[in-house]
Amino acid sequence: MTRIGLFGGSFDPIHNGHLAVASAAMAQADLAEILFIPTRISPLKQELPPAPDLDRWTMIVLATLELPQYRAARWEMDREGPSYTVDTLRIARRELGDTAELNWIIGADNLLTLPRWRDVAGILEQASFLVVPRADLHGDALRAVWEAMPLDYRARIRILDMEPVTVSSTQIRACLAAGKPIDTLVPRLTMAYIERYNLFRSAGLFVSKKTGPPAEGL
Ligand code: ATP
């Protein structure tokens, strides 16, 4: 078996927090490779549309260009409609073959939403979860969320040990909208791309992370 990490998200934009998550997952779960999978339409994010797919894709490619253990996969961007994880895992299995052990990586904030994802049982049949602490959910509080979950969930969910990293895409979009520097928050080539092509500068693109009523899950 080859242990593979699958890291889904809007990546709007990808940032150093994502890379810290990937690095912790790689080391602690002994992964051979991590695939970054930008979502096309995130079923649980009720906001203005994200930056264009092409820009989000390019920012990931640039951030991972010099890191051979990371790759980007177009599995969600290339299909119509909401990007349900259960469907993405079927594609991953087809593309990666029977010898791949699939590990879906999420931040702790996403663990809270897991019961609302489409076909959780189907997801857990295909993959395990690696959960990384986030600034607003870590330590005992995160453990308590895990403990409150059904046994069959818990058997497939592992919480990784990592100091929370506070950066978020929302914060970066806010900085850019306000003309503040982002050089400590995003990888070098990604920042160069954002600046060169003037991404996220228009006020309309800065949106709060906070959401409206939930749709059916990821
Ligand atoms: P936004 O601020 O727009 O909601 P985000 O920073 O949470 O974006 P996403 O692309 O939505 O970034 O995140 C993809 C995945 O990475 C999610 O599972 C999220 O929880 C996780 N993640 C993002 N940033 C961090 C971080 N700093 N620490 C731990 N997990 C993170």
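The H on the amide N of ILE41, modeled in the peptide plane, is under 5 Å from the matching H of SER83, each at least 5 residues off or on a different chain. Residue-wise HN-Hα couplings along region 51-64, as the Karplus relation 6.51 cos²θ - 1.76 cosθ + 1.60 with θ = phi - 60° gives them from phi, are 4, x, 3, 4, 5, 5, 4, 4, 5, 5, 4, 5, 5, 10 Hz; Gly and Pro carry x.
Computed packing ranks the peptides 34-44, 99-109 as 34-44, 99-109, most packed first, by mean other Cβ atoms within 10 Å.
Please tell me the relative contact order of region 124-188 in percent, rounded to the nearest whole number, where contacts are Cα pairs under 8 Å and at least six residues apart. Once normalised by length, the contact order is 37 percent. Sparse packing (at most 16 other Cβ atoms within 10 Å of the Cβ) combined with a DSSP loop state is found for the following GluC sites (Glu not before Pro) in region 1-81: GLU47, GLU66, GLU80.
When each of the peptides 189-197, 1-9, 139-147, 55-63 is scored by the mean number of other C-beta atoms lying within 10 Å of its residues, the order from highest to lowest reads 55-63, 1-9, 189-197, 139-147. Across every direction, the projection of the convex hull enclosing the Cα atoms of region 117-185 has a mean area of 6.3 nm². Residues with beta-carbon under 11 Å from that of GLN126, excluding GLN126: net charge, scoring Lys, Arg +1 and Asp, Glu -1? It works out to a net charge of -1. With distances taken between every two different alpha-carbon atoms, region 1-59 has a Kirkwood hydrodynamic radius of 12.5 Å. Taking the helices alone, the chain has a mean residue ellipticity at 222 nm of -10500 deg cm²/dmol, built from -39,500 (n - 2.57) per DSSP H run of at least 4 residues and averaged over all its residues. For the chain, the relative contact order comes to 29 percent (Cα pairs under 8 Å, sequence separation of at least 6). Distance from the alpha carbon centroid of region 123-175 to that of region 21-82 works out to 17 angstrom.
Here, each number is a calculation from the coordinates, and none is a lab measurement. Note that the structure is predicted; figures quoted are calculated from it, not measured. Positions of Cβ are generated from backbone atoms using ideal geometry, with glycine treated the same way; all protein chains shown enter the neighbour counts.
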